[in-house]
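Presented below is the structure to which this report refers.
Rule-based calculations on the coordinates, nothing more; no lab input. Here the structure is a predicted model, which is why all the values come from computation and not from measurement. No Cβ is skipped: glycine too gets one built from the backbone with ideal geometry, and neighbour counts run over all protein chains shown.
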Amino acid sequence: MDTKNTISTKSTTIRISQKTKERLSELAFVRKHTYDDILTTLIEFYEARSDSEG
């Protein structure tokens, strides 16, 4: 499958700096999960946090 010419309607690209990517890759939990898993966990954490504050 030629992924360069495939347009996905179910995902997007998030651009981060190389330094941020390197810092993320150094974290132990990052090596065990996909970036989607990491971002989902981050979103859930902050949603729960804002629910408890509100």
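Identify the residues of the stretch 18-34 with backbone N under 16 Å of a label point that sits 7 angstrom from the Cα of SER50 along the Cα-to-Cβ direction, or state none. Flagged as within label range: none. Modelled spin labels at TYR35 and THR13, positioned 7 Å past Cα toward Cβ, are 1.0 nm from each other.
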